[in-house]
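Visitor: Take a look at the following structure, please.
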Amino acid sequence: MEIDISSIVEGYARGYFLMGDDNGNLSWYTSRQRTLIPLDSRFCYPKSLRPILNQNIFSVAIDRDFVAVCEGCADRETTWICDELKEVYLALHRAGWAHSFETWQGEQLAGGILGIAIGGAFIGESMFYRISNGSKVAMVKLVEHLRQKKYVLFDAQLQNPHLERFGSYIVSPREYQTLLRLALARPRSFK
C-alpha cells in the first residue's frame with residue numbers, strides 16, 4: 001500500500017479523520033459535533049487521580065514505543081484501527097506527524113495516547129491502558145505538555161463518558177473549523 005503523507009495531513013488539516021470499517025477499509029469521516037479537551041482552566045480530572053499523580057507512580061515518555069501504543073489502541077473488541085490504518089499511523093510517525101504520549105511503570109508500558117500534531121493542533125486518535133490509571137495519567141500529563149508547548153487545540157473527535165471526566169466539551173463544525181484554522185496558523189513543535 002502506498003501512503004500519500006501530504007494528502008493525509010491535508011485531510012486532517014481540513015477537519016477530517018480516518019477510520020477503518022469492519023472489513024478493514026479506510027474512509028474519511030467528520031462529525032456534526034466535535035469534542036475538544038480544554039487546554040485552559042476548564043480542564044479537570046477525577047479527584048481520585050490526585051494521589052496517583054502526587055506519588056509519581058508513572059514516568060512519561062514521547063514516542064518511546066510508538067508501535068506498542070498503536071497496537072494497544074487497536075487491541076479491543078471493537079476498533080476502527082485496522083491494519084491499514086496502523087500502517088498510515090506508522091508512516092505519519094516516521095514523517096514526524098504522528099506521536100505517542102506514554103506512561104510507563106518501570107519498563108512496562110502502562111498506557112498511552114496516539115495522535116497527530118499539525119501546527120498548534122493535537123488530534124487525539126485513540127488511547128488505551130494496560131495498568132490501571134495509565135491512560136488517565138497520560139491525559140493529564142499530555143494536557144500539561146500541550147500547554148507548555150503553547151498548543152491551541154486538543155481535538156478528541158468524538159465525545160464519551162471517559163472524556164467528559166476531563167472537562168471535554170462539544171463544538172459545532174463551524175466553531176471547530178475556526179479553532180482549527182487558528183491552530184494551524186500557529187506552528188508548534190510537539191517534542
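Visitor: Find the relative contact order for the chain and round it to a whole percent, using C-alpha pairs within less than 8 Å whose residues are 6+ positions apart.
Guide: 29 percent
Visitor: Indicate the gyration tensor shape class of the range 126-178 (rounded, prolate or oblate), computed on the Cα atoms with a ≥ b ≥ c the square roots of the eigenvalues: a/c under 1.5 is rounded; otherwise a/b larger than b/c is prolate and the rest oblate.
Guide: Values: a/c = 2.66, a/b = 1.41, b/c = 1.89.
Here the range 126-178 falls in the oblate category.
Visitor: Let me ask something else. Report the label-to-label distance for Q159 and W28 in nanometres (one decimal), using points 7 Å from each Cα along the Cα→Cβ vector.
Guide: About 2.6 nm separates the two model spin labels.
Visitor: Would you compute, from DSSP H runs of 4+ residues alone, the mean residue ellipticity of the chain at 222 nm, taking -39500 (n - 2.57) per run and dividing by the full residue count, rounded to the nearest 500?
Guide: Mean residue ellipticity, 222 nm, calculated: -10000 deg cm²/dmol.
Visitor: Also: Ranking request for peptides 11-22, 43-54: highest mean number of other beta-carbon atoms within 10 Å first, then the rest in descending order.
Guide: 11-22, 43-54
Visitor: Please work out whether the range 38-191 counts as rounded, prolate or oblate from its C-alpha gyration tensor, where a ≥ b ≥ c are the square roots of the eigenvalues and a/c under 1.5 means rounded, while otherwise a/b larger than b/c means prolate and anything else oblate? Present the calculation step by step, with values, prior to reporting the outcome.
Guide: Numbers: a/c = 1.44, a/b = 1.12, b/c = 1.29.
Judged from the Cα gyration tensor, the range 38-191 comes out rounded (a/c under 1.5).
Visitor: What does the charge add up to near R165, with Lys and Arg as +1, Asp and Glu as -1, over the other residues with Cβ less than 11 Å from its Cβ?
Guide: Net charge in that neighbourhood comes out at +1.
Visitor: While we're here: Taking the chain, how many lysine pairs are there with alpha carbons less than 22 Å apart, if each pair must be eight or more places apart or span two chains?
Guide: Lysine pairs satisfying the spacing and distance rule in the chain number 11.
Visitor: Can you give me the distance in nm between label points at D75 and L49, each placed 7 Å from the Cα along the Cα-to-Cβ direction?
Guide: That separation, rounded to one decimal, is 2.2 nm.
Visitor: Each residue of the range 55-65 in order: what ³J(HN,Hα) in whole Hz does its phi give by Karplus 6.51 cos²θ - 1.76 cosθ + 1.60, θ = phi - 60°, with x for Gly and Pro?
Guide: Ordered by residue, 3J(HN,Hα) equals 7, 6, 5, 10, 9, 10, 9, 10, 6, 5, 9 Hz.
Visitor: Taking the Cα centre of the range 49-191 as origin, sum charge times position over the Cβ atoms of Lys and Arg (+1) and Asp and Glu (-1), and report the length of that vector in debye to the nearest 20.
Guide: On the way: 17 positive and 15 negative charges, 159 e Å.
Computed about the Cα centre, the dipole is about 760 debye.
Visitor: Quick one: longest stretch of the chain between exposed loop GluC sites (Glu not before Pro), exposed meaning at most 16 other C-beta atoms within 10 Å and loop per DSSP?
Guide: Numbers: sites that count: E2, E77, E107.
Longest stretch, sites excluded: 108-191.
Visitor: Let me ask you something else. Which FRET efficiency, nearest 0.05, do D21 and S189 yield, Cβ-Cβ r, R0 45 Å?
Guide: The calculated FRET efficiency here is 0.85.
Visitor: Grab the other residues whose beta carbon is less than 9 angstrom from that of A110, score K and R as +1, D and E as -1, and report the net.
Guide: Neighbour charge sum, excluding A110 itself: 0.
Any read-out appearing in this document is the output of simple, stated calculations on the displayed coordinates, not a laboratory observation. It should be emphasised that the depicted structure is a prediction, and the values quoted were computed from it without experimental measurement. In this analysis, Cβ positions are derived from the backbone assuming ideal geometry, glycine residues included, and neighbour counts consider all displayed protein chains.
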